[in-house]
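The values are calculated or read from the model by the stated rules, or taken from the named source; none is laboratory data. Everything numeric in this text was worked out from a predicted model, so none of it was measured. Here the Cβ positions follow ideal geometry from the backbone for every residue, glycine too, while neighbour counts run over all protein chains shown. Protein only, heavy atoms only, side chains kept; ligands, DNA and RNA dropped before computing areas. Shrake-Rupley method; radii C 1.70, N 1.55, O 1.52, S 1.80 Å.
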Amino acid sequence: MKFRCDGLELSEAISVVSKAISNKTTSQILEGVKMVAKDDRLILSATDLEMSIEKTIRAEIESDGETVVPGRLFGEYIRKLTNEQIECELNEKNQLRIAYTDSEGVLQCMEISEFPQIRELSKDSYFEIEKEDFKKLINNVFYAVAQDDSRPILKGILIETNANNIRAVALDGCRLSISNKTLVSSTNDFKLIVPGKNMYEIVKMMDGENSIKVYVHSNNIMVDLGDTIVINRLIEGQFINYRQIVPKDFSTVVTINKEQLEDAIDRASVLSKMDKNNLVKFDIKEKNLMLTSNSEIGNTKENITVGVKGNDLTISFNSKYFTDCLRVIDNPYVKINFNSPILPCTITPTEGNDFVFLILPVKAR
């Protein structure tokens, strides 16, 4: 194998596929990046057996071949050569010679036969969605994905499609987020649980304004981004019945300017962060919302004029949960819907049904 390519393109390609390199493995081969030189292309791929990424770049191929390089070491080395034209050649000792200007390095490669085979999925079954809509769909719920391993199913995002509609759902036991968008097309109705962290990485790779197709086959999905293909294993199991969690009727409904609320919570949380619960109290009375936070070193009060329908109420929340959801809402006004100091509230835009966020209250001390 012998090829020449641009150092920056190679470095960027390694950075993309390295997202699939395993962080926790006893198998050394899963720390590798496979490189295949063929025709006028260099194809790089990596996998942790749950997620696989394949990236293709242009290259001048003098002789075809393939090898597996230590992923992070090779990536770190190539990042120092982004301004160079690089020539790579594999010798009979399975060593990769990396030549640039008047210098060179030699890297011992891994055994190609041990690298897992990555097979492209069938393209018969899929849903199609605009890239920007898919980004918003995932970003609107990702922060509500559980981070601990106690309930693995909650580390996933539920994806449901029906006709031309798609819904994403995530919850971590303290909050729940639901996002809805419209599909371009779909071959079937789907109900999938996708790993939240991996889907977040996929949307970060997306650019341009075109639509994308998400292919579904057996217990895997595949996203084809042109020169990048990502295959992800689905999470098996039964997702929480989120429809039973979201209240349908409310005794107090507050309509408020989203930016005003966001700014007030940001200021109040400067002190609430000193407390492990990040607690901010909401006092709703007549047409006023008072936000209060207290800590050992001080306290703060924020007053906002709001629209209120229903009963007065005092309730407390983790301020971070409110901040997380407000940052992804585009509408200038939101509705906060309450029932009692011990029941969850929901947050929705005043227009449309693209977004529903639910937060459990915290018992004030």
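Derived scalar couplings between HN and Hα for segment 75-85 equal x, 5, 5, 5, 4, 7, 10, 5, 9, 10, 8 Hz in order, rounded to whole Hz, by the Karplus curve 6.51 cos²θ - 1.76 cosθ + 1.60 (θ = phi - 60°), x for Gly and Pro. A crude spin-label estimate for the pair Glu132 and Thr25, with each label 7 Å from Cα along the Cβ direction, gives 3.7 nm. Report summary: the helix-based calculation at 222 nm, which adds -39500 (n - 2.57) for every DSSP H run with n ≥ 4 and divides by the residues of the chain, gives -5500 deg cm²/dmol. Surface composition of the chain: carbon and sulfur atoms hold 44% of the protein heavy-atom accessible area at a 1.4 Å probe. Per-residue extension of 0.36 nm, minus the Cα-Cα distance of Lys285 and Val270, leaves a gain of 3.0 nm for this segment. For the chain, the longest principal axis of the Cα atoms and the long axis of helix 258-272 meet at an angle of about 90 degrees. Put simply, the amide H of Tyr126, placed in the peptide plane, has neighbours under 5 Å in Thr187, Asn188, Val216, leaving out anything fewer than 5 places away on its chain. Would you mind pulling out the separation of the Cα centroids of segment 174-235 and segment 1-39, in Å? Cα centres, segment 174-235 to segment 1-39: 23 Å.
Residues of the chain were split at every exposed loop site, defined as GluC sites (Glu not before Pro) in a DSSP loop with at most 13 other C-beta atoms within 10 angstrom, and the longest piece left, sites excluded, is 1-91.
Each residue of segment 93-99 was assigned a 3J(HN,Hα) from its phi angle through the Karplus curve 6.51 cos²θ - 1.76 cosθ + 1.60 (θ = phi - 60°); the sequence is 8, 6, 10, 9, 8, 10, 10 Hz, with glycine and proline shown as x.
Kindly state, as a whole number, the per residue volume in cubic angstrom of the convex hull around the alpha carbon atoms of segment 257-338.
Numbers: hull volume 6.7 nm³, N = 82.
Dividing the Cα hull volume of segment 257-338 by its residue count gives 82 Å³.
Rolling a 1.4 Å sphere over the protein heavy atoms, what is the accessible area per residue of segment 188-231, to the nearest Å²?
44 Å²
Its residues counted as N, the chain yields a C-alpha radius of gyration over 2.2 N^0.38 Å of 1.21.
Using θ = phi - 60° in the Karplus curve 6.51 cos²θ - 1.76 cosθ + 1.60, the 3J(HN,Hα) couplings for segment 237-253 round to x, 9, 6, 4, 6, 5, 5, 6, 7, 7, x, 9, 10, 9, 9, 9, 10 Hz; x is entered for Gly and Pro. On the beta carbon distance between Asn219 and Asn165, with R0 = 22 Å, the FRET formula returns roughly 0.40.
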